[in-house]
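Please read the structure below before turning to the comments.
The values are calculated or read from the model by the stated rules, or taken from the named source; none is laboratory data. Note that this is a predicted model, so its numbers are computed, not measured. Backbone-built Cβ (ideal geometry, glycine too); neighbour counts: all protein chains shown.
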Amino acid sequence: MGTAARSFSCAAIGLRNPHLAQIRECRLELSWLEIHSENYLLPPVAPRFKAIEKIRENYDLSCHGVGLSIGSARGLDRDHLAGLKALYNRLEPGLISEHLAWSVVDGHYYNDLLPLPYSTEALKVVCDNIDLAQEMLGRRLLIENPARYLLLPDGDFSEPAFLREIVVRTGCGLLFDVNNLFVSAHNLHLDTAAYLWDLPVDAIGEIHVAGHSRQDLVEEGNVVETVLIDDHGSIVPPDVWALLDVLLSIAGPKPVLVEWDNNVPPLDVLLAEAAKAQRLIDACQSQGEVSHVA
């Protein structure tokens with residue numbers, strides 16, 4: 001297996017259960033895969049865990065957590081952190097990530113990544129939680145920007161300014177989801193160019209792209225607004241590919257993951273999407289080499 005630097009400069013796909021056996025049996029032209037961490041918080045003797053250890057022999061891994069609840073005002077669940085640490089120590093992933101969201105109240109987990117206000121108070125909560133997570137895990141954490149559907153009150157920062165602050169204060173990195181930005185920009189009427197201009201692109205350690213759906217809001221029989229939903233259930237639309245191209249032109253080549261969690265298609269469809277991402281990465285790399293020579 002190649003070095004981490006080489007492995008994580010390419011496109012990849014998320015490892016989903018329908019493809020587990022197929023990927024274990026054949027060697028794909030990919031250097032890394034992403035898994036959801038919570039799917040493997042199991043005893044090491046479990047068949048699923050044994051399967052991922054076998055796959056780990058041929059691919060580097062990025063572990064994407066969905067349950068740590070970085071935005072929780074009551075702090076992080078140390079038992080959950082301990083489980084993640086044991087998993088990461090065993091699998092030795094090249095990248096680990098969590099969402100800029102909260103999903104736990106009084107020990108009850110919700111099946112949503114809920115938003116938080118970009119306030120000074122929330123900033124302290126998030127930074128304290130990231131500091132604790134990075135200390136316990138002994139690894140740099142990447143934080144993912146959310147898909148947003150409404151503006152919360154009491155905000156002191158724009159989203160990119162909030163992300164910049166947590167990077168500066170904690171030393172964490174960013175997992176930047178291009179589809180989430182596209183969805184948020186549509187729903188909240190944001191200027192994507194201004195957003196990317198303010199984003200700390202040097203902190204980006206991984207990029208996600210995905211599909212989304214559209215939902216019409218109807219009043220008295222008339223469509224008054226169309227909302228985009230980040231559902232990870234379809235091919236990446238052209239506008240999201242175009243936004244990825246812009247981001248890569250600003251940030252330089254980065255590892256890009258194609259997310260597809262609902263209505264999971266045959267593996268060949270996912271690999272074709274990853275190939276599209278790889279072409280954009282290669283074009284960005286080539287442009288950088290030409291500029292450097294010039």
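State which residue is nearest to Leu152 (Cα to Cα) when the search covers only segment 105-134 and only residues that are surrounded by fewer than 20 Cβ atoms within 10 Å (Cβ to Cβ), in contact with a helix residue (DSSP H, G or I) (Cβ under 9 Å, 6 or more places away or on another chain) and among the aliphatic types (A, V, I, L, M). Checking each candidate, the answer is Leu123. For segment 57-79, residues that are more than 29 Å from Ser119 (Cβ to Cβ) and not in a loop (DSSP other than H, G, I, E, B) total 4.
Only helices (runs of 4 or more DSSP H) whose full extent lies in segment 118-215 are considered here, and the ones with at least 2 residues that are of a type in the set (D, E, K, R) and at pLDDT 95 or above are 120-137, 159-170. Checked against (1) under 20 Å from Asp112 (Cα atoms); (2) outside any loop (DSSP other than H, G, I, E, B), Ala82 passes all but a single condition, namely (1). Candidates in segment 30-56 are the residues that are in a loop (DSSP other than H, G, I, E, B) and touching a residue at least 12 places away in the same chain (Cβ under 8 Å); of these, the one that is nearest to Ala272 (Cα to Cα) is Leu30. Within segment 161-181, take every residue that is hydrophobic (A, V, I, L, M, F, W, C) and either touching a Cys at 6+ places or on another chain (Cβ under 6 Å) or farther than 21 Å from Val256 by Cα (or both) and give me the one that is surrounded by the fewest Cβ atoms within 10 Å (Cβ to Cβ). Here the answer is Val168. Among the residues of segment 58-71, some residue qualifies, meaning at least one is crowded, with 20+ Cβ neighbours inside 10 Å, in contact with a Pro (Cβ under 8 Å, 6 or more places away or on another chain) and among the polar types (S, T, N, Q). Do you know which residues across segment 227-243 are assigned to a helix (DSSP H, G or I), of a type in the set (A, V, I, L, M, F, W, C) and without any contact (Cβ under 8 Å) to a residue 60 or more places away in the chain? Within segment 227-243, Trp241, Ala242 qualify.
If you go through segment 1-26, how many residues are assigned to a loop (DSSP other than H, G, I, E, B) and modelled with pLDDT of 90 or more? Number of matching residues: 3.
Within segment 226-265, if we keep just the residues that are β-branched (Val, Ile, Thr) and crowded, with 17+ Cβ neighbours inside 10 Å, the residue that is nearest to Arg148 (Cα to Cα) turns out to be Val240.
Against the conditions (1) out of contact with any Asp or Glu (no Cβ under 9 Å at 6 or more places or on another chain); (2) touching a residue at least 60 places away in the same chain (Cβ under 8 Å), Val246 satisfies every one except (2). Out of Glu38, Glu29, one residue alone is under 15 Å from the mean Cα position of the chain (by Cα), acidic (Asp, Glu), surrounded by fewer than 21 Cβ atoms within 10 Å (Cβ to Cβ) and modelled with pLDDT under 95. It is Glu38.
For every residue, the table says whether it meets (1) under 17 Å from Leu257 (Cβ atoms); (2) among the acidic types (Asp, Glu); (3) touching an Asp or Glu at 6+ places or on another chain (Cβ under 8 Å).
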site: Ile35; (1), (2), (3): yes, no, no
site: Pro43; (1), (2), (3): no, no, no
site: Ser72; (1), (2), (3): no, no, no
site: Asp79; (1), (2), (3): no, yes, no
site: Asn89; (1), (2), (3): no, no, no
site: Thr120; (1), (2), (3): no, no, yes
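When Ser184, Ser158, Ser213 are screened for being crowded, with 22+ Cβ neighbours inside 10 Å, without any contact (Cβ under 8 Å) to a residue 60 or more places away in the chain and not aliphatic (A, V, I, L, M), only Ser184 passes.
The sole residue among Val223, Val269 that is in a helix (DSSP H, G or I), free of Cβ contacts under 8 Å to residues at least 40 places away in the same chain and of a type in the set (Val, Ile, Thr) is Val269. Can you confirm whether Glu98 is outside any loop (DSSP other than H, G, I, E, B), of a type in the set (D, E, K, R) and surrounded by fewer than 17 Cβ atoms within 10 Å (Cβ to Cβ)? No.
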